[in-house]
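The values are calculated or read from the model by the stated rules, or taken from the named source; none is laboratory data. Just so it is clear, the structure is predicted and the values come from calculations on it, not from any experiment. We place every Cβ from the backbone using ideal geometry, glycine too, and count neighbours over all the protein chains shown. Accessible surface is based on the protein model in full, side chains and every heavy atom, while ligands, DNA and RNA are left aside. Shrake-Rupley method; radii C 1.70, N 1.55, O 1.52, S 1.80 Å.
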Amino acid sequence: MEILEFSELDRATGTTGPSSEPSATRHSVVCLHNSEDIQEWAASTASADMEAQSTPVHLIATGVAAFEAIALGARRPALVKSLILGDPEVDPALPGYQELLGDVQAPTLVIAAAPTFDTDISKPQSVAGGIKDGVFVIIDNCEVPAHRSRPHSFNEWATSFINIAEGLHAFTRPEEDGNA
């Protein structure tokens, strides 16, 4: 599990951590790589602190961690500002799965790798389609997982989506951000 703080300035330099620029906008991002990560994070003190402060994060989950991220987004929406799911490995036959998708309130980006033109992308596409504000992106000619095979493309999509989600969050909840 990685907990990152970054700004637009950090993208150019490739750094994370405290910004040297006082006016830089900071984004809290939690990256989860397996289902144990998300359970640990959701149960941690940091999670309780975030919920108490109403400071949601951008949650990035890949592979099997995607299901737990979806569940967290559905069950504890105050923790999640946006979801970014890379090559989600989900079982649509799980009881309650479709309801979970329908309960996700955060804008969600699903990124799928497509190594060949005939790659079956129906599962990740159905994840995005089942979420109200779901967006689906394919990275062509890319081996699974996309975040490792084409990290630059994955990061560009994720960063752009985080910036959009930040704008949506400020627009829809100005009183929470002090922008009222």
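Couple of notes before you dig in:
- ³J(HN,Hα), Karplus 6.51/-1.76/1.60, whole Hz, each residue of region 143-158, x for Gly, Pro: 6, 7, x, 4, 5, 9, 6, 9, x, 5, 4, 4, 5, 5, 4, 4
- Rounded to whole Hz, the Karplus (6.51, -1.76, 1.60) HN-Hα couplings of region 68-74, x for glycine and proline: 5, 5, 4, 4, 5, x, 7
- Efficiency of FRET from Cβ geometry, Asn163 and Ile138, R₀ 25 Å, rounded to 0.05: 0.75
- Region 64-175, accessible area per residue, ligands and nucleic acids excluded (1.4 Å, Å²): 49 Å²
- Amide H partners (placed H, <5 Å) of Ile84, local residues excluded: Leu59, Ile60, Ala61, Leu109
- Residues whose placed amide H lies under 5 Å from that of Ala113, excluding near-sequence neighbours: Asp87, Ile139, Ala146
- Extension gain for Glu156-Thr55 works out to 34.0 nm (0.36 nm per residue, less the C-alpha to C-alpha distance).
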